[in-house]
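Student: Sharing a structure, written as structure tokens. Questions coming.
Read-outs: derived from the displayed coordinates by stated rules, not from any lab. Because the structure is a prediction, the values reported are computed rather than measured. For neighbour counting, all protein chains shown are included, and Cβ atoms are generated from backbone atoms with ideal geometry for every residue, glycine included.
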Amino acid sequence: MFTVSVSGVLLLFLIHHSTLKSVDGRNIDVNTLARIITFFEQNYKRFHRNGNELQYAVAINVLTEQCRNGFQQDNFLTNENARVVRMTISNNEDPVYEGTELIAAGIQRMYGYSLHSEYLLLNPTSLHPTTPMQTLLNLRNNSCTILYSLNSPCADLCLDRYHIFDGLRTWSEHSSIKALVFKHVWRDDEINPQCLKNALKEITKYVPLYRCRNDIECFDCEDPYGEIDFRCLINNY
């Protein structure tokens, strides 16, 4: 009779889980990732006249080596004009920019509700029947793809009512190393960390999830045991 010990089952699980992580593209250099996110913040972030940061999201599809050691800003996204990007994503009627290696979005305010930037990049709309993310992915294979949102995708809208999971599923099938990154925990979700934790775990089924708070602090939101790191559930720790 064939038997497997508990320790053997655990070992097989860990080997399988580790393999999945490797296939999912968890070989983006986190130090380089932090520098790329800093580049986004310096070039594309917008501010309210009161000084507060305004929500935006950007995604890139670049050569793989640009996400590893040796990242150089002087040859990074040189075909994208930062001023044009910021102006486009500030347009309330169609705040979506589509470039040669980068897409970006602000908030589209509708009658009584808003379409968030992550939704605009990952879902089809009347103005963009082919999702901007799909268009971006079609431009290059075997590459590095990063989606960055200033705030974590909100559990109520982006991950529930106006969900982004179809877009994440499509992205997960692309032959690139991947990272979905955020800087701040969305304020409305911080009051219910368990709900946020469940929502973020859903994201990690499709793509690796990171949090980058500054140019030197960038970390994986999924710990080695498959749980969500508490630092991805609260703003101050």
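Student: Per-residue ellipticity at 222 nm for the chain, helices alone: DSSP H runs ≥ 4 residues times -39500 (n - 2.57), over residue total, nearest 500 deg cm²/dmol?
Tutor: -9500 deg cm²/dmol
Student: Under the Karplus relation 6.51 cos²θ - 1.76 cosθ + 1.60, θ = phi - 60°, what is the ordered set of whole-Hz ³J(HN,Hα) values for the range 118-132, x standing for Gly and Pro?
Tutor: Karplus values, whole Hz, x for Gly and Pro: 5, 4, 5, 7, 9, 10, x, 9, 4, 7, 9, x, 9, 4, x.
Student: FRET efficiency for Gln134 and Lys201, Cβ-Cβ distance as r, R0 = 25 Å, nearest 0.05?
Tutor: 0.50
Student: Further, regarding this structure: For helix 30-44, what angle does its Cα long axis make with the longest principal axis of the chain, in degrees from 0 to 90 and rounded to 10?
Tutor: Tilt relative to the chain: about 20 degrees.
Student: While we're on this one: Subtracting the Cα-Cα distance from 0.36 nm times the residue separation, let me have the gained length for Gln194 to Asn69 in nm, one decimal.
Tutor: Extra length from Gln194 to Asn69 when fully extended: 41.5 nm.
Student: Report, by chain and number, residues whose modeled amide H sits under 5 Å from the one on Leu54, excluding near sequence neighbours (fewer than 5 apart, same chain).
Tutor: Residues meeting the criterion, in which the H sits 1.01 Å from N, are Arg46, Phe47, His48.
Student: Out of Phe40, Phe76, Phe182, any idea which swings most in a Gaussian network model of the chain, alpha carbons joined below 10 Å?
Tutor: Per the Cα network of the chain with a 10 Å cutoff, Phe76 tops the list.
Student: I've got another one for you. So for the chain, considering every pair of alpha-carbon atoms, how many percent are separated by more than 31 Å?
Tutor: Summing the P(r) tail past 31 Å for the chain gives 20 percent.
Student: A further question follows. Quick one: Lys197, Lys178, Lys45, fewest Cβ neighbours within 10 Å first, how do they rank?
Tutor: If I rank by nearby Cβ atoms, fewest first, I get Lys45, Lys197, Lys178.
Student: Which ³J(HN,Hα) values in Hz, rounded to whole numbers, follow from the phi angles of the range 225-230 under the Karplus curve 6.51 cos²θ - 1.76 cosθ + 1.60, where θ = phi - 60° and Gly and Pro get x?
Tutor: 9, x, 9, 7, 4, 4
Student: Another question about this same structure. Take the Cβ-Cβ distance between Asn91 and Arg231 as r, set R0 to 35 Å, and report the resulting FRET efficiency rounded to the nearest 0.05.
Tutor: 0.55
Student: What ranking do Thr131, Thr32 get, fewest neighbouring Cβ atoms within 10 angstrom at the top?
Tutor: In order of increasing Cβ crowding within 10 Å: Thr32, Thr131.
Student: Moving to a separate point now. Once you have a ≥ b ≥ c as the square roots of the Cα gyration tensor eigenvalues for the range 173-237, tell me rounded if a/c is under 1.5, and otherwise prolate or oblate according to whether a/b is larger than b/c.
Tutor: Oblate is the answer for the range 173-237, as a/c is 1.5 or above yet b/c matches or exceeds a/b.
Student: Based on the Cβ-Cβ distance of Glu173 and Val30, what FRET efficiency does E = 1/(1 + (r/R0)^6) give at R0 = 22 Å, to the nearest 0.05?
Tutor: For Glu173 and Val30, the calculated efficiency is 0.40.
Student: If you build a Gaussian network model of the chain, linking Cα atoms that sit under 10 Å apart, which residue out of Gly226, Gly112, Gly51 swings the most?
Tutor: Ranking Gly226, Gly112, Gly51 by mean-square fluctuation puts Gly112 first.
Student: Local charge sum around Thr88 (other residues, Cβ-Cβ under 12 Å, Lys/Arg +1, Asp/Glu -1)?
Tutor: -1
Student: To continue, here is another question. Measure nothing but the geometry: give the 0 to 90° angle between the long axis through the Cα atoms of 6-24 and the longest principal axis through the Cα atoms of the chain, rounded to 10°.
Tutor: Roughly 30 degrees between the two axes.
Student: With axes computed from alpha carbons, what is the tilt in degrees of helix 193-204 against the longest principal axis of the chain, rounded to the nearest 10 within 0 to 90?
Tutor: 90
Student: Compute a Gaussian network model of the chain, connecting alpha carbons closer than 10 Å, and tell me which residue from Leu168, Leu115, Leu127 fluctuates the most.
Tutor: Most flexible of the set in this elastic network: Leu127.
Student: OK, next. So what J values fall out for the range 184-189 if you push phi through Karplus, 6.51 cos²θ - 1.76 cosθ + 1.60 with θ = phi - 60°, rounded to Hz, Gly and Pro as x?
Tutor: 10, 7, 4, 4, 6, 8
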